[in-house]
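Below: the structure, in structure tokens.
The values are calculated or read from the model by the stated rules, or taken from the named source; none is laboratory data. Given the structure is predicted, the values throughout are model-derived calculations rather than measurements. As a convention, Cβ positions derive from the backbone with ideal geometry for all residues, glycine included, and neighbour counts pool all protein chains shown.
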Amino acid sequence: KIKSEKVKMLLDGILTLPMVLPPTVMGFFILFVFGVKRPLGKFLLDFFSVKIVFSWTATVIAAVIISFPLMYRAARGAFEQVDQNLIMAGRTLGMSEGKIFWKITLPLALPGVASGGVLAFARGLGEFGATAMIAGNIENVTRTLPLAIYAEVAAGNMDSAMNYVVVVMAISFVVIVLMNYFTLKGRKYLYKGKVK
């Protein structure tokens, strides 16, 4: 059991690491893995003609890796908060482990998982450092909203930058509303046994 806990802690640390490392450091590691001179990057290029670095795919990979820990932590917390008495009651009633997961555990944890997904999306939307490292700032190719704001400010186009800022703020507001919605749904399901 102790060994299992140590492995669990190690995996937890690895999955959470992108959340605490500077984005540029994560960008370097992603670049190191997918660079065309690295084994994986070279394999993808030679056999599938896929070049990850400085492509739109690179922006997606950077956003997913950087934001994944938020999703993971939220999902883990949601599953850990599921009342074990309900699971034991399901077993007492003769439900299989699979049925317990789909009928009890997942419905109770789903609002927390969804909230984590929304939060991860918001974090990915605001990703700058890792994206700049692996995807660059190529207009109409890899330029994300944060990179567009930076580029417009650097060029002195403050009005254009403000337009992008307003878009980001609007999306962020929607994200906050969705997070609160999923949190409220989770509480209703937990305390009333159903979602209204």
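Below, the figures for the structure above:
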read-out	value
Residue that is out of contact with any strand residue (DSSP E or B) (no Cβ under 9 Å at 6 or more places or on another chain), modelled with pLDDT of 90 or more and in a helix (DSSP H, G or I), where the choices are Val118, Val166	Val166
Scope region 27-39; condition part of a helix (DSSP H, G or I) and over 23 Å from Leu145 (Cβ atoms); matching residues	Phe29, Phe32, Val33, Pro39
Test: residue in region 136-143 that is part of a helix (DSSP H, G or I) and in contact with a helix residue (DSSP H, G or I) (Cβ under 9 Å, 6 or more places away or on another chain)	no
Some residue of region 86-100 being closer than 26 Å to Pro23 by Cα, crowded, with 18+ Cβ neighbours inside 10 Å and either touching a Gly at 6+ places or on another chain (Cβ under 6 Å) or of a type outside the set (Lys, Arg) (or both)	no
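Results for (1) of a type outside the set (Val, Ile, Thr); (2) in contact with a helix residue (DSSP H, G or I) (Cβ under 7 Å, 6 or more places away or on another chain); (3) more than 22 Å from Gly117 (Cβ to Cβ); (4) in a helix (DSSP H, G or I), shown as yes or no for each residue.
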| residue | (1), (2), (3), (4) |
| --- | --- |
| Gly41 | yes, yes, yes, yes |
| Lys51 | yes, yes, yes, no |
| Thr57 | no, no, no, yes |
| Leu70 | yes, yes, no, yes |
| Ala78 | yes, yes, no, yes |
| Ala89 | yes, no, yes, yes |
| Gly94 | yes, no, yes, no |
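Listed here are the residues, each with its yes/no results for (1) touching a residue at least 24 places away in the same chain (Cβ under 8 Å); (2) within 26 Å of Val175 (Cβ to Cβ); (3) surrounded by 19 or more Cβ atoms within 10 Å (Cβ to Cβ); (4) within 23 Å of the chain's Cα centre (by Cα).
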| site | (1), (2), (3), (4) |
| --- | --- |
| Val50 | no, no, no, no |
| Lys103 | no, no, no, no |
| Pro107 | yes, yes, no, yes |
| Leu119 | yes, yes, yes, yes |
| Phe128 | yes, yes, yes, yes |
| Ile138 | yes, no, no, no |
| Glu152 | no, yes, no, no |
